[in-house]
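Peer 1: Here's a structure for you.
The values are calculated or read from the model by the stated rules, or taken from the named source; none is laboratory data. These figures come from a predicted structure and were not determined experimentally. With ideal geometry, Cβ positions are generated from the backbone for all residues, glycine too; neighbour counts draw on all protein chains shown.
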Amino acid sequence: MKIAILHGPRDLRIEEKPLDTSSLKSKEIWIKTEISALKIGTDRGNYEGAEQVPGAPVGYPRWVGDSNLGIVQGIGSDVKRVKIGDRVVTRQAHQSEYITDDSASLVKVPEGVNSEDAVFAHLYALSSQCFHKAQFRVGENVAVIGLGVLGLGAVALGPLFGGRLIAIGNSATRLDMAKRMGAHAGYLYNDPDLQDKLDNFTNGFGVDLVILTANPWPAFRTALQSVRENGRVSIVSLLGRGETPLNFNPLSMELFYTKGISLHAVSGPAGYLYPNGGISPMIENRYDNDRTAVHILSLMEDGLLEPKKLITHRFHYTKMVEAYEMAFNRQKSMLGVIFSWKEQ
Ligand SMILES: NC(=O)c1ccc[n+]([C@@H]2O[C@H](COP(=O)([O-])OP(=O)(O)OC[C@H]3O[C@@H](n4cnc5c(N)ncnc54)[C@H](OP(=O)(O)O)[C@@H]3O)[C@@H](O)[C@H]2O)c1
């Protein structure tokens, strides 16, 4: 099998590794990758050698990527979740094939859903968690700051969830993309009239919820300035990671205390009030990552969500370094990036 391995900052290589699929254990699933997607924000930081992220692989050499779509090739005797031939999305690394466990994050893709949409299911599930974590309510005004894959996912989901959605970005190209994904309005973060425009758009009521998906500190300041008094800010970005150090007090009275803002770290699923107490099937969290991804796939199946509209680049896996270098150079024309694992 082939796998992308990072040996140090900007030293990414495709390597050959053995994979024994001849005797799968009872809970094992063997999957061959069709495509994988680049998660620009985190993957770029890892590629550059930025600060370590909890849960991500440590040190070098290490794997990269976590959005993988493939076909099940074989299953162990106790596997019930999938059968041979099923198309699945997982959070596995960029690699041509692998063996995973029945308990790992994995969701079956409905027949009508295009693979190039489905491969974004777990990323969009994280965009969805930004709403859940801050207890989003139907009809609220939501501003999404930062228009990468996660931000544009939140932009697309907001109107589907019943929100009035404002996109705030740092480039006109990304604002255009946000409009195509369903934003009701779009503004540049450094527009001198931003606060007036937000007031106008919300009829003076203000932004109830800000979803922050950008790492730089100026984006954090915009988030706290944009949200209304007693509003909430969902932060999925890794603030300051790989960015210019902070030069202001991020929790000054003016930005935080006086406004009574709530800040929510979107580092996983939100808590859930109504577990079913052990009745089969056991539901501890109705909105855990895989169930949320199932919902995302159902929106795709209904034709309401189409991340592939934002695919700007398709690469054969052998050209992966080219893609990471483009991300490293922060090319704004680059957004959805797909790697094909078909042998040429
Ligand atoms: N919490 C989690 O579990 C989790 C999981 C995955 C990802 N993440 C994080 O979530 C974030 C979003 O991921 P992503 O893949 O969508 O990242 P991304 O592609 O880097 O998107 C962030 C976007 O925000 C833009 N931006 C920078 N400064 C801005 C400002 N002041 N105002 C408005 N926009 C600004 C960036 O532009 P430039 O490129 O010009 O800076 C970029 O286009 C990343 O920080 C990622 O590490 C968190």
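Peer 1: Give just the number: which of (1) of a type in the set (Asp, Glu); (2) out of contact with any strand residue (DSSP E or B) (no Cβ under 7 Å at 6 or more places or on another chain); (3) within 21 Å of residue 297 (Cβ to Cβ) does residue 116 not satisfy?
Peer 2: Evaluating residue 116 over (1) of a type in the set (Asp, Glu); (2) out of contact with any strand residue (DSSP E or B) (no Cβ under 7 Å at 6 or more places or on another chain); (3) within 21 Å of residue 297 (Cβ to Cβ) leaves (2) as the failure.
Peer 1: So which pairs qualify, if the first residue must be in the stretch 27-56 and under 20 Å from residue 120 (Cβ atoms), the second must be part of a helix (DSSP H, G or I) and within 9 Å of the ligand (Cβ to nearest atom), the Cβ gap must be under 6 Å, and the two must be at least 6 apart or on different chains?
Peer 2: 40/327; 44/327
Peer 1: Against the condition surrounded by 19 or more Cβ atoms within 10 Å (Cβ to Cβ), hydroxyl-bearing (Ser, Thr, Tyr) and touching a His at 6+ places or on another chain (Cβ under 9 Å), how does residue 324 come out, does it pass?
Peer 2: Answer is no for this residue.
Peer 1: Checking residue 94 against (1) at pLDDT 95 or above; (2) in contact with a strand residue (DSSP E or B) (Cβ under 8 Å, 6 or more places away or on another chain); (3) closer than 30 Å to residue 224 by Cα: exactly one of these is not met. Which one?
Peer 2: It fails just one condition, (3).
Conditions (1) near the ligand (Cβ under 10 Å from one of its atoms); (2) modelled with pLDDT of 95 or more; (3) within 29 Å of residue 114 (Cα to Cα), marked per residue:
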{"residue": "19", "(1), (2), (3)": "no, yes, yes"}
{"residue": "26", "(1), (2), (3)": "no, yes, no"}
{"residue": "34", "(1), (2), (3)": "no, yes, yes"}
{"residue": "40", "(1), (2), (3)": "yes, no, yes"}
{"residue": "59", "(1), (2), (3)": "no, no, no"}
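Peer 1: Out of 35, 29, I need the residue that is in contact with a helix residue (DSSP H, G or I) (Cβ under 7 Å, 6 or more places away or on another chain), surrounded by 19 or more Cβ atoms within 10 Å (Cβ to Cβ), closer than 25 Å to residue 79 by Cα and among the aliphatic types (A, V, I, L, M). Which one?
Peer 2: It is 35.
Peer 1: Which of the residues spanning the stretch 307-323 are more than 17 Å from the chain's Cα centre (by Cα) and of a type outside the set (Asp, Glu)?
Peer 2: 313, 314, 315, 316, 317, 318, 319, 320, 321, 323
Peer 1: With the structure loaded, tell me whether residue 285 is surrounded by 14 or more Cβ atoms within 10 Å (Cβ to Cβ), closer than 23 Å to residue 46 by Cα and touching a helix residue (DSSP H, G or I) at 6+ places or on another chain (Cβ under 9 Å) or whether it fails that test.
Peer 2: No: the conditions fail for residue 285.
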